[in-house]
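Student: Here's a structure for you.
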Amino acid sequence: MTAAPLPLADQFQHGLAAPICLTWELTYACNLSCVHCLSSSGRRDPGELSTAECEALIDEFERMQVFYVNIGGGEPTVRPDFWHLVDYAVAHRVGVKFSTNGIKITPEVARRLAGSDYVDVQISLDGATEQVNDAVRGTSSYRTAIRAAATLAAAGFRGFKLSVVVTRHNAAQLDQFAELADQYGAQLRLTRLRPAGRGAAVWHELRPTAGQQRAVYDWLTIHGENVLTGDSFFHLSGYGQALPGLNMCGAGRVVCLIDPVGDVYACPFAIHDSFLAGNVRGDGGFARVWRESRLFAELRRPQSGGACASCSAYDACRGGCMAAKFFTGLPLDGPDPECVRGHGEAALARVGGVTPPRPAPDHSRRNPVRVTIGRRRPPDRACDSDPLAGFTARTG
Amino acid sequence: MRPESFGALLYHYGTRRLSFLKDPTVLTVVRSLADHPTARSACESAGVTARALPAYERALATLARSAMIRERGAP
């Protein structure tokens, strides 16, 4: 019963009775084709959970006392039963935070959302200007997102989130993003670009430069208390002062992902067989996967620092992001590819000739409308979600 | 409020903040607050010794500041 946060992170390493932050991607269908989509979304999968199966899953969340779910996709609001499922979750004491590109946020929907304490909205926006955003997310996606923000604000919804994946092209716009959020009574949320899904193909050209990464860290140390990050920049804690949050990888410990067909992965950035723990349609459902899967048991065992163990920054960064390492072909017990000490660059150079594992499955549209700016296309997606999004750990 | 091996997790839907209780005794105290006239009485009933009382007082004050618990009858 002290105020020291570190022991809490240690406790969380061993896993919890239920996830704190559970991401549930409801559909692979999406009206956009963001170049860095974490879940390679586009087309609906014919095996997606039915309405009845979704309701049964929500019942299970209620039994497990999951506080809330982060719903994403794809674009979750294009599911015809989306609003029904939101209502169903709230009625069963499961809070909902959903990520959207804003396409279905009408004034009527906004009024309904503004009336509930149990529903929160994240609007994805990857540029503070139309040019930067649309290059990654597609033509007119900026206008759609801003219109949705204005609609929510007009309905009196305070404190919804503007959610930004930090890239090389928008890293210089952090102040502008903060101003936009202020303008609409929203809260800014910044997350890290991961080489997951389609993001793997564009990661090298979209990731912030080393200089930008340092600037993001400095910006967060000044503004971090008012900005959500889902703890996604914990690898930057190696610069010195720890950023607000738990500063740990929550995969399989406090976080997991349920995909549209019911597959349970260790985290939203690790959609690959290597991180597949089971399926909610199996015997024992989601609870059994969470509590008994071999993969999660393994993740909850004490981790060795591997090649990072002797580094003085290890206690701060804990080796960084598992998914970022995996999809760039780096060993999981070595440095993060964006290690602030530069060990990641060296490691990437060493594995230069190796083809990293390909993210799978891929639901990209076969003939997506692509956008280009400057060089290749920039990325993104409607619904990235993070460990501990929206949470501030407090002691009691 | 969800019991965990180390105590409990609390989530406040209004503030969207997570709190945690780091030992099972404080969980017992928080659960029984409504059945006692005072916080002290809830602590004593949960077996908190006089020496440990100040620590529990601080923990409950922290929870009150984050609106996880509130005075009876308060809005």
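Student: Here is a list of conditions, (1) away from chain B (no Cβ under 14 Å); (2) touching a residue at least 12 places away in the same chain (Cβ under 8 Å); (3) assigned to a helix (DSSP H, G or I), and A:Arg63 meets all of them except one; can you say which number that is?
Tutor: (1)
Student: Moving to a separate point now. Could you identify the single residue in A:Asn31, A:Asn133 that is outside any loop (DSSP other than H, G, I, E, B) and polar (S, T, N, Q)? Write out each step before concluding.
Tutor: On the way: A:Asn31 fails: outside any loop (DSSP other than H, G, I, E, B).
Exactly one of A:Asn31, A:Asn133 is outside any loop (DSSP other than H, G, I, E, B) and polar (S, T, N, Q), namely A:Asn133.
This table checks each residue for (1) in contact with a His (Cβ under 9 Å, 6 or more places away or on another chain); (2) without any contact (Cβ under 8 Å) to a residue 40 or more places away in the chain; (3) under 23 Å from A:Ala155 (Cα atoms).
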site: A:Pro76; (1), (2), (3): no, no, yes
site: A:Trp83; (1), (2), (3): no, yes, yes
site: A:Ala89; (1), (2), (3): no, yes, yes
site: A:Thr100; (1), (2), (3): no, no, yes
site: A:Glu108; (1), (2), (3): no, yes, yes
site: A:Ile123; (1), (2), (3): no, no, yes
site: A:Val132; (1), (2), (3): yes, no, no
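Results for (1) in contact with a strand residue (DSSP E or B) (Cβ under 9 Å, 6 or more places away or on another chain); (2) away from chain A (no Cβ under 13 Å), shown as yes or no for each residue.
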{"position": "B:Leu9", "(1), (2)": "yes, no"}
{"position": "B:Val26", "(1), (2)": "yes, no"}
{"position": "B:Ala50", "(1), (2)": "no, yes"}
{"position": "B:Ala55", "(1), (2)": "no, no"}
{"position": "B:Ser66", "(1), (2)": "yes, no"}
{"position": "B:Arg70", "(1), (2)": "no, yes"}
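Student: Would you be able to say whether some residue in the stretch A:116-124 is of a type in the set (Asp, Glu), closer than 23 Å to A:Cys256 by Cα and either within 14 Å of chain B (Cβ to nearest Cβ) or not in a helix (DSSP H, G or I) (or both)?
Tutor: Restricting attention to the stretch A:116-124, the residues satisfying the condition of being of a type in the set (Asp, Glu) are A:117, A:120.
Checking the rest, the ones that are also closer than 23 Å to A:Cys256 by Cα come to A:120.
Filter once more, so that each one left must be either within 14 Å of chain B (Cβ to nearest Cβ) or not in a helix (DSSP H, G or I) (or both): A:120.
So far as the stretch A:116-124 goes, yes, one or more of its residues are of a type in the set (Asp, Glu), closer than 23 Å to A:Cys256 by Cα and either within 14 Å of chain B (Cβ to nearest Cβ) or not in a helix (DSSP H, G or I) (or both).
Student: Let me ask something else about it. Take the residues in the stretch A:67-115 that are small (Gly, Ala, Ser) and either out of contact with any Ser or Thr (no Cβ under 9 Å at 6 or more places or on another chain) or over 19 Å from A:Arg44 (Cα atoms) (or both), then tell me which one is modelled with the lowest pLDDT. Full working, then the answer.
Tutor: Of all residues in the stretch A:67-115, those small (Gly, Ala, Ser) come to A:72-74, A:89, A:91, A:95, A:99, A:102, A:110, A:114-115.
Pick out the ones that are also either out of contact with any Ser or Thr (no Cβ under 9 Å at 6 or more places or on another chain) or over 19 Å from A:Arg44 (Cα atoms) (or both) and you get A:89, A:91, A:95, A:110, A:114-115.
Details: A:Ala89: 97, A:Ala91: 96, A:Gly95: 95, A:Ala110: 98, A:Ala114: 95, A:Gly115: 91.
Among them, the one singled out is A:Gly115.
Student: Is it the case that B:Arg31 is at pLDDT below 90 and within 13 Å of chain A (Cβ to nearest Cβ)?
Tutor: Working: at pLDDT below 90: no; within 13 Å of chain A (Cβ to nearest Cβ): yes.
Against the criterion (at pLDDT below 90 and within 13 Å of chain A (Cβ to nearest Cβ)), B:Arg31 does not qualify.
Student: List the residue pairs whose Cβ atoms are under 8 Å apart, where the first residue sits in the stretch A:290-307 and is at pLDDT below 95, the second is among the hydroxyl-bearing types (Ser, Thr, Tyr), and the two are 6 or more positions apart or on different chains.
Tutor: A:Gly305/A:Tyr314
Student: Also, quick follow-up: Does at least one position in the stretch A:270-283 carry a residue that is free of Cβ contacts under 8 Å to residues at least 12 places away in the same chain, surrounded by fewer than 21 Cβ atoms within 10 Å (Cβ to Cβ) and over 29 Å from B:Arg17 (Cβ atoms)?
Tutor: Here is the first cut: in the stretch A:270-283, the residues free of Cβ contacts under 8 Å to residues at least 12 places away in the same chain are A:282-283.
Among the residues that remain, those that are also surrounded by fewer than 21 Cβ atoms within 10 Å (Cβ to Cβ) are: A:282-283.
So of that shortlist, the ones also over 29 Å from B:Arg17 (Cβ atoms) come out as A:282-283.
Among the residues of the stretch A:270-283, at least one is free of Cβ contacts under 8 Å to residues at least 12 places away in the same chain, surrounded by fewer than 21 Cβ atoms within 10 Å (Cβ to Cβ) and over 29 Å from B:Arg17 (Cβ atoms), which makes the answer yes.
Student: Just checking, does the stretch B:19-35 include any residue being over 13 Å from the mean Cα position of the chain (by Cα), surrounded by 13 or more Cβ atoms within 10 Å (Cβ to Cβ), of a type in the set (Gly, Ala, Ser) and not in a helix (DSSP H, G or I)?
Tutor: No.
Student: Continuing with the same structure: Looking only at the stretch A:343-361, filter to residues that are in a loop (DSSP other than H, G, I, E, B) and within 22 Å of the chain's Cα centre (by Cα); which one of those is nearest to A:Arg214 (Cα to Cα)? I'd like the intermediate steps shown before the answer.
Tutor: Taking the stretch A:343-361 as the starting set, the residues that turn out to be in a loop (DSSP other than H, G, I, E, B) are A:351-361.
Pick out the ones that are also within 22 Å of the chain's Cα centre (by Cα) and you get A:356-361.
Numbers: A:Pro356: 26, A:Pro357: 28, A:Arg358: 29, A:Pro359: 28, A:Ala360: 31, A:Pro361: 33 Å.
This residue is A:Pro356.
Student: For residues that are under 24 Å from A:Val121 (Cβ atoms) and more than 7 Å from every other protein chain (Cβ to nearest Cβ), tally how many sit in the stretch B:11-24. Please lay out each step first, then the result.
Tutor: First, the residues of the stretch B:11-24 that are under 24 Å from A:Val121 (Cβ atoms): B:11-19.
Now restrict to residues that are more than 7 Å from every other protein chain (Cβ to nearest Cβ): B:12, B:15.
Qualifying residue count for the region: 2.
Student: Quick one: is A:Leu190 closer than 30 Å to A:Pro361 by Cα, in contact (Cβ under 8 Å) with a residue 24 or more places away in the chain and buried (at least 18 other Cβ atoms within 10 Å of the Cβ)? Outline the logic, then answer.
Tutor: Values: closer than 30 Å to A:Pro361 by Cα: yes; in contact (Cβ under 8 Å) with a residue 24 or more places away in the chain: yes; buried (at least 18 other Cβ atoms within 10 Å of the Cβ): yes.
Yes: the conditions hold for A:Leu190.
Student: Hey, could you check the stretch A:39-74 for residues that are among the aliphatic types (A, V, I, L, M) and in contact with a Lys or Arg (Cβ under 9 Å, 6 or more places away or on another chain) and say which is surrounded by the fewest Cβ atoms within 10 Å (Cβ to Cβ)? Give the derivation first.
Tutor: So the first thing to find is which residues in the stretch A:39-74 are among the aliphatic types (A, V, I, L, M), and the list is A:49, A:52, A:56-58, A:64, A:66, A:69, A:71.
From what's left, in contact with a Lys or Arg (Cβ under 9 Å, 6 or more places away or on another chain): A:49, A:64, A:66, A:69, A:71.
Working: A:Leu49: 23, A:Met64: 19, A:Val66: 26, A:Val69: 24, A:Ile71: 28.
Here the answer is A:Met64.
Student: Related question: Go through (1) under 18 Å from the mean Cα position of the chain (by Cα); (2) assigned to a strand (DSSP E or B); (3) farther than 22 Å from A:Ala9 by Cβ one by one and return the number of the condition A:Gly278 breaks.
Tutor: Of the numbered conditions (1) under 18 Å from the mean Cα position of the chain (by Cα); (2) assigned to a strand (DSSP E or B); (3) farther than 22 Å from A:Ala9 by Cβ, the odd one out for A:Gly278 is (1).
Student: Here's another thing I want to ask about it. Going through the stretch A:148-181 one residue at a time, which ones are outside any helix (DSSP H, G or I), surrounded by fewer than 23 Cβ atoms within 10 Å (Cβ to Cβ) and of a type in the set (A, V, I, L, M)?
Tutor: A:Ala155
Student: A further question follows. Would you be able to say whether some residue in the stretch A:334-342 is at pLDDT 90 or above, over 22 Å from A:His272 (Cα atoms) and assigned to a helix (DSSP H, G or I)? Even if it seems obvious, please write down each step before you answer.
Tutor: Initially, the stretch A:334-342 is screened for residues at pLDDT 90 or above, giving A:334-342.
Cutting the leftovers down to over 22 Å from A:His272 (Cα atoms) gives us A:339-342.
Among the residues that remain, those that are also assigned to a helix (DSSP H, G or I) are: none.
No: the stretch A:334-342 contains no residue that is at pLDDT 90 or above, over 22 Å from A:His272 (Cα atoms) and assigned to a helix (DSSP H, G or I).
Student: Restricting to the stretch A:13-38, and then to whatever is within 14 Å of another protein chain (Cβ to nearest Cβ) and surrounded by fewer than 24 Cβ atoms within 10 Å (Cβ to Cβ), can you tell me which residue is modelled with the highest pLDDT? Step through it out loud before you land on a result.
Tutor: To start, the set of residues in the stretch A:13-38 that are within 14 Å of another protein chain (Cβ to nearest Cβ) comprises A:13-22.
Then keep just the ones that are surrounded by fewer than 24 Cβ atoms within 10 Å (Cβ to Cβ); that gives A:13-18.
On the way: A:Gln13: 75, A:His14: 76, A:Gly15: 77, A:Leu16: 87, A:Ala17: 89, A:Ala18: 93.
Selected residue: A:Ala18.
Student: Right, here's the next one. Please indicate, with yes or no, whether at least one residue in the stretch A:251-268 is surrounded by 20 or more Cβ atoms within 10 Å (Cβ to Cβ), modelled with pLDDT of 95 or more, of a type in the set (D, E, K, R) and not in a helix (DSSP H, G or I).
Tutor: Within the stretch A:251-268, one or more residues are surrounded by 20 or more Cβ atoms within 10 Å (Cβ to Cβ), modelled with pLDDT of 95 or more, of a type in the set (D, E, K, R) and not in a helix (DSSP H, G or I).
Student: Restricting to the stretch A:182-223, name every residue that is within 15 Å of A:Ala171 (Cα to Cα), touching a Lys or Arg at 6+ places or on another chain (Cβ under 7 Å) and not in a helix (DSSP H, G or I).
Tutor: A:Arg189, A:Leu193, A:Arg207, A:Pro208, A:Thr209
The values are calculated or read from the model by the stated rules, or taken from the named source; none is laboratory data. Being a predicted model, the structure only gives us computed values, none of them experimental. No Cβ is skipped: glycine too gets one built from the backbone with ideal geometry, and neighbour counts run over all protein chains shown.
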